[in-house]
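The block underneath contains the structure these notes are about, expressed in structure tokens.
The values are calculated or read from the model by the stated rules, or taken from the named source; none is laboratory data. None of these values were measured; they are calculated from a predicted model. Because the Cβ atoms are built from the backbone with ideal geometry, glycine has one as well, and the counts that use them run over all protein chains shown. The protein model used for the area step is the full one, side chains on, heavy atoms only, and it has no ligands, DNA or RNA in it. Shrake-Rupley method; radii C 1.70, N 1.55, O 1.52, S 1.80 Å.
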Amino acid sequence: MAQKASKTLAARNTSVLLRTHLIALCLHTLHLALHFTFNRPRALKPYCFLALPTLGIEFYLDRIGRPTYTADGSLRSPGEDLGAAGLTEYMWDVLYWTWGCIGAVCVFGDRAWWLWIVVPLYSVWLAYSTFTGVRSGLPGFGAGAGNVGEATGAESKRQKKLEKRGGQRMQYR
């Protein structure tokens, strides 16, 4: 069974993308049907501004995650892992949150688009936490300066044992 991991990844990506497209199709169809049923003229602007860019994210995830096959039907490339951490994970978060906002707009009305403000706030929080994490790991930048044990006040077990034995000794031969 050659390339079992690649075939598994290709099957998982295909099912995730199919499910993603079906959910998006149902939610957008429901929202547009309710919009045109109740004839709300200005309600289409926030939809276009907030929901349509997520369609771009969805199709980008489709492009990188869709497996490709050769002419004879064998797997050429399984596509990128759609469960990868980092930017892909953030794109899924934005997609899921937008779906929740569309569902809230269908149920509660157009004021539910204000829930979408969480996405930029989440982006700012991620950027801040990433920056502070990097800053604390670099010497000379804030908490990362000096010895880590001195900055945090914590000693490792090895350091405690060395202190118990009278410190670190050099042996010469």
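Taken over the stretch 81-130, the convex hull of the Cα atoms encloses 61 Å³ per residue. Model label points for R63 and K7, set 7 angstrom from Cα along the Cα-to-Cβ axis, are 3.0 nm apart.
A simple spin-label model places the labels of L87 and T130 0.9 nm from each other, with each point 7 Å out along Cα-to-Cβ.
Only protein heavy atoms count here; under a 1.4 Å probe, K4 has an accessible surface of about 130 Å². Sorted largest first, the spans of the alpha carbon positions of the stretch 8-105 along the three principal axes are 50, 30, 16 Å. Counting only protein heavy atoms and using a 1.4 Å probe, the accessible area of F36 comes to about 140 Å². At an R0 of 41 angstrom, the distance between the Cβ atoms of W97 and S74 translates into a FRET efficiency of 0.60. The label-point distance for L115 and L22, in a model that sets each label 7 Å from Cα toward Cβ, rounds to 2.3 nm. The 1.4 Å probe gives accessible areas that order E163, E58, E155, largest first, as E163, E155, E58.
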